[in-house]
Amino acid sequence: MRLDRILSNLPSLNRQTVRQLIASGRVQVNGVCCRDSRCDITVFDRVELDEQVVQTGKPVRYFMLNKPIGVVSATEHPDHQTVIDLLDEPDKHELHLAGRLDLNTSGLLLITNDGQWSRRVTQPVSKQAKVYWVSTEQPIEAHYADTFAEGMYFKYEDLTTLPAKLEIVATYNARLWLHEGRYHQVKRMFGHFQNKVIGLHRERVGAIELDPQLAPGQYRALTPDEIASV
Ligand code: URA
C-alpha cells in the first residue's frame with residue numbers, strides 16, 4: 001500500500017496533512033527518512049511518524065480464543081494461568097487482548113498485535129456489540145429490559161451506560177447486547193436488581209461469533225472476513 005494511504009488511515013490525519021508531513025521529512029520507513037508519498041509499503045516495513053511507530057513491520061496476527069473459567073485475561077499474572085499461556089505461537093508476548101473477560105467469565109476473547117484494530121473492537125463509537133449469555137440466581141424480570149435500554153447510572157465512574165438490549169430466554173437465562181465494556185458491567189447491571197450473575201459467557205463481538213468447534217482453552221486464527229468486519 002502507498003505510504004500516504006497508510007498514514008491517511010490513521011483517524012487523526014487527512015490526506016493533505018499526510019502529504020505535508022511526508023514532504024517535511026517527518027516520516028521514516030525502516031529507519032530512513034522518506035519524502036515520497038507514493039512509496040510502496042509492505043507489511044514487513046516499519047513506518048514511523050515523528051518517531052512514533054505507525055506500523056511495526058511485523059505481520060499482523062488475529063486470533064479468537066474460547067476463554068475458560070479460571071484463566072485470567074491478562075498477558076502476565078503472578079498467580080493465575082493467563083490466556084496468553086494458552087497460545088502456542090511464536091513471539092506471543094507481542095500480542096495483546098482486544099477487550100477482557102473476568103476470571104469467572106468464559107467465551108470469546110480476541111487477541112492481536114494490531115493496536116488500531118483492537119481499539120476499533122473496544123471503542124464504543126465503533127458500535128461493535130458484545131453479546132453475552134447470562135445465567136442468574138433469581139428469576140429475570142421483564143422490567144430489567146427497560147432499565148437496561150435506558151442506560152444505568154454507575155456512581156463510581158459517574159457515567160450512564162449506553163443503551164443495552166436484553167432478551168429473556170428462560171426464567172434464569174438471558175442474552176444481553178452491550179456496546180461498551182465497563183468494569184464488571186454485566187454483574188453490576190443485574191446487581192442493581194439484587195440478582196446475582198452465576199454464569200457469564202461471551203458469544204459474539206460485532207460480527208465475530210465464537211466458533212462452536214473451539215472447546216474451552218482452544219483458539220484459532222481469525223478469517224480475513226472476520227478481521228475486516230471490525
Ligand atoms: N461484564 C462482566 O461483569 N464481566 C465480564 O467478564 C464481562 C462483562
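Subtract the Cα-Cα distance of GLU89 and GLN16 from 0.36 nm times their separation in residues, and report this length gain in nm to one decimal.
Result for the pair: 22.3 nm of gain on full extension.
Hand me the tally of lysine pairs in the stretch 47-197: alpha carbons under 17 angstrom apart, and the pair either on different chains or 8 or more positions apart.
Going through the stretch 47-197 pair by pair, I get 9.
Less than 12 Å Cβ to Cβ from TYR156, Lys/Arg counted +1 and Asp/Glu -1: what total charge do the surrounding residues give?
Surrounding charge for TYR156 is +1.
Where Lys and Arg each count +1 and Asp and Glu each count -1, what net charge lies around ARG61 among other residues with Cβ under 14 Å from its Cβ?
Taking every Cβ under 14 Å from that of ARG61, the sum is -3.
Of PHE44, PHE154, which has the most accessible area with a 1.4 Å probe, and how do the rest follow in descending order?
Result, largest first: PHE44, PHE154.
Across the Cα atoms of the stretch 62-228, what radius of gyration and what greatest pairwise Cα-Cα distance (Dmax) are found, in Å?
15.9, 49
Provide the net charge surrounding GLN185, with neighbours chosen by a C-beta distance below 13 Å and charges set as Lys +1, Arg +1, Asp -1, Glu -1.
+3
Rolling a 1.4 Å sphere over the protein heavy atoms, what is the accessible area per residue of the chain, to the nearest Å²?
55
Report ³J(HN,Hα) in whole Hz for each residue of the stretch 11-16, in order, from the Karplus equation J = 6.51 cos²θ - 1.76 cosθ + 1.60 where θ = phi - 60°; Gly and Pro get x.
x, 8, 10, 9, 4, 5
Taking springs between alpha-carbon atoms closer than 10 angstrom, which of ASP79, ASP45, ASP114 fluctuates most in the Gaussian network model of the chain?
ASP79
Take the solvent-accessible surface of the protein heavy atoms, probe 1.4 Å, and return the percent of it on the chain that carbon and sulfur atoms account for.
50
When the chain is modelled as a GNM with alpha-carbon springs shorter than 10 Å, which of ALA215, ALA23, ALA149 fluctuates the most?
ALA23
From Cα pairs below 8 angstrom and at least 6 apart in sequence, can you work out the relative contact order of the stretch 1-115, rounded to a whole percent?
Reported as a whole number, the value is 20 percent.
The values are calculated or read from the model by the stated rules, or taken from the named source; none is laboratory data. Everything numeric here is computed off the predicted structure, so don't read it as measured data. So basically every Cβ, Gly included, is an ideal-geometry build from the backbone, and we count neighbours across all protein chains shown. Please note that ligands, DNA and RNA were not included when accessible areas were found on the heavy atoms of the full protein model with its side chains. Shrake-Rupley method; radii C 1.70, N 1.55, O 1.52, S 1.80 Å.
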